[in-house]
Amino acid sequence: GEPARAFVLGRPPGHHNGCDERLESLERHSWRYAAHGGCILNETAIAIRNLRAKSLARRVAVLDLDAHFGDGTAWHFYEDAEVLCVSVHVDQSDLHVFPYLKGKAEERGTGAGAGLTLNVPLPVGAGDAEAWQALQELALPAIAAHFADV
């Protein structure tokens, strides 16, 4: 039979690239639509768009665990009503480091995607205990409540 749920553990995520498959970066000069952070393609966004185009998934949840905010993936789906993007990362609000969008907790999506971006910035120096607590208390409950197909 068909699985009721799917889980993908992917590397590299390409999570800093904000370009979609139509290569909008060639038409726009905003960082939002450009390859950056060493990410030419956003494999996560490409996979989600393919699954949805083939009607293999409608509702999707992304969990990004990295020191950096997964800005590209968040922006791909910032206005999407069916893709939840959760990023657990180091709070870079006061740091002058990449990426320059900080992944602040108040950045929650807009339009149809309002509330479907969940940024969980951890304090600089946070360790496994803080990351585990963020996963258990914030990230995983949000993912469970989204009832994603993938």
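Taking each residue of the range 39-52 that is within 16 Å of ALA148 (Cα to Cα) and looking for partners that are assigned to a helix (DSSP H, G or I) and small (Gly, Ala, Ser) with beta-carbon atoms closer than 9 Å, six or more apart or interchain, yields THR44/GLY72; ALA45/GLY72.
Yes/no matrix, rows are residues, columns are (1) within 14 Å of the chain's Cα centre (by Cα); (2) at pLDDT below 70; (3) of a type in the set (A, V, I, L, M, F, W, C); (4) on the phi < 0 side of the Ramachandran plot:
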| residue | (1), (2), (3), (4) |
| --- | --- |
| ALA6 | no, yes, yes, yes |
| GLU21 | no, yes, no, yes |
| GLU24 | no, yes, no, yes |
| TRP31 | no, yes, yes, yes |
| ILE40 | no, no, yes, yes |
| LEU56 | no, no, yes, yes |
| VAL60 | yes, no, yes, yes |
| PHE69 | yes, no, yes, yes |
| HIS76 | yes, no, no, yes |
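The number of residues in the range 39-61 being crowded, with 18+ Cβ neighbours inside 10 Å and of a type in the set (S, T, N, Q) comes to 2. Against the condition within 25 Å of GLU2 (Cβ to Cβ), surrounded by 18 or more Cβ atoms within 10 Å (Cβ to Cβ), touching a strand residue (DSSP E or B) at 6+ places or on another chain (Cβ under 6 Å) and not hydroxyl-bearing (Ser, Thr, Tyr), how does VAL150 come out, does it pass? Answer is yes for this residue. Just for the range 36-58: of the residues that are basic (Lys, Arg) and assigned to a loop (DSSP other than H, G, I, E, B), which one is nearest to ALA4 (Cα to Cα)? For the range 36-58, the residue satisfying everything is ARG58. Scanning the range 62-94 for residues that are among the small types (Gly, Ala, Ser) and surrounded by 23 or more Cβ atoms within 10 Å (Cβ to Cβ) turns up GLY70, GLY72, ALA74, SER87. For first residues located in the range 128-150 and without any contact (Cβ under 8 Å) to a residue 60 or more places away in the chain and farther than 28 Å from LEU56 by Cα, partners that are outside any helix (DSSP H, G or I) and hydrophobic (A, V, I, L, M, F, W, C) and lie 6+ apart or on another chain with Cβ distances below 6 Å form the pairs GLU130/LEU122; ALA134/VAL88; ALA134/VAL120.
The values are calculated or read from the model by the stated rules, or taken from the named source; none is laboratory data. The structure displayed is predicted, hence computed values, not measured ones. Neighbour counts are summed over all protein chains in view; Cβ atoms, including those assigned to glycine, are modelled from backbone coordinates with ideal geometry.
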